[in-house]
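Values in this text are rule-based calculations from the coordinates and carry no lab data. Given the structure is predicted, the values throughout are model-derived calculations rather than measurements. When we count neighbours, we look across all protein chains shown, and the Cβ atoms used for this are built from the backbone with ideal geometry, even at glycine.
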Amino acid sequence: MRARHTRHPFSPSPASLGNHTHFNCRKELGVGFRSQRNEVIAPQDSGLRKAALWGTSEEAIAMVTEQEVEAIGKTLVDPKQPLQARFRALFTLRGLGGPHAIAWISRGFEDSSALLKHELAYCLGQMQDSRAIPVLVGVLCDRNQEPMVRHEAGEALGAIGNPEVLDLLKQYSTDPVVEVAETCQLAVGFLEWLQRDPGEAASSGPYLSVDPAPPAAERDVGRLRETLLDEARPLFERYRAMFALRNVGGKEAALALAEGLHCGSALFRHEVGYVLGQLQHEAAVGELAATLARTTESAMVRHECAEALGAIARPACLTALRAHATDTERVVRESCEVALDMYEHECRQDFQYADGLERLRPPPPQPHPEQHPGLHCHATSAVAPCHPGPGFCGPCPRALCPAETAGCAYIPDLGDFVSCLSPALLGVGAQCALLVLSTWDFYHLCPLQTDTPV
């Protein structure tokens, strides 16, 4: 998966929308507002793999107790728990970060599920914490681990960005397992790129995932497609074209990427599946479903296509996933199980996928309308019930909340609701937004306006 999702199920994708900032909660699961390096993103952001805890501030993380981290960790490493629950626990820990989260994630590499272990490695890489290097090195060097797990450990070592692993990655660039060798070659290329351009951030554009290669500067879809499909070019260069196409987005880019599912390298095809899951464009559903159905295809590729279908979440995706929910390949079968859970998450438009903390804590008290009589909801133009602390009103149907509210930070795709801060509340709003995150009390929010300053 890699939110891969959100590693696939699900990362947010901020994009400019006029005077508003649009954050799409996607396959890189999210709890809160945070970038891959744990800094708070203004004003809000979300983020399986492609979904993580939306970022939280250090203050927010400090309010999570060791007992809560332990409870989430126990869910992750318990083979008796449903796989969906273990994935949600994993991405919760990924979002929390820190040594205790790393320790619990690291314990999972003793599991029998290659899919889960693959996701463990992905998350450790996305956390970009050098304290995860020793366990990832151990996984990469362990030839008893499945190739897809070793591959993900190599990719994660590159994602962390620490040059101390460069020599090791060069050593494994000639590994007899092709997928492992190619992964380490890419990681070497990425680390050397970082060294050549230390002042240039390895930005993924509108996506928060830490990718195995930086996107190319080219934006012409035709030229990027040509580079993507040219198997005579270096793999690193083709990956750069791949991520550039993802960032460009749209139907033409999605179709160009889908052509990559027919290229020779299984590693390359698997990454195409991941990227299509991030892009979430229904134009790719046909090729993804066909690849999932091709039993002669590498299980690593089929697994990534399954998770991409779960992220795109269209009716045709559901049909394809159900058809392979009992596949003879365990990693494909389990991927469909997780993808069906992600499909339901996307269709319900739940606030977050990484809900490990939410499941541990009691629901917040019901708000009372009389507590903030000066706050009004744009949708109803009536006094709205408000939470006594932050002073947000809700709930409010998304269709009734105007995106064009001047000065608001517009955040769609957070469920059946949207949340906005009016200009009059920005002073208190930033603090309140942090309060909501730091206490992990997530509310469905709607736009506010005030007749008098709050």
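Quick notes
- Among R233, R86, the ranking by other beta carbons within 10 Å of each residue's beta carbon, starting with the fewest, stands as R233, R86.
- Listing D327, D142 from fewest to most neighbouring C-beta atoms within 10 Å gives D142, D327.
- Spatial extent of the range 200-298: Rg and Dmax, with the Cα atoms as the point set, Å: 12.5, 42
- Once the convex hull of all Cα atoms in the range 145-241 is built, its volume per residue stands at 111 Å³.
- Footprinting exposure proxy ranking of L288, L235, fewest other C-beta atoms within 10 angstrom first, gives L235, L288.
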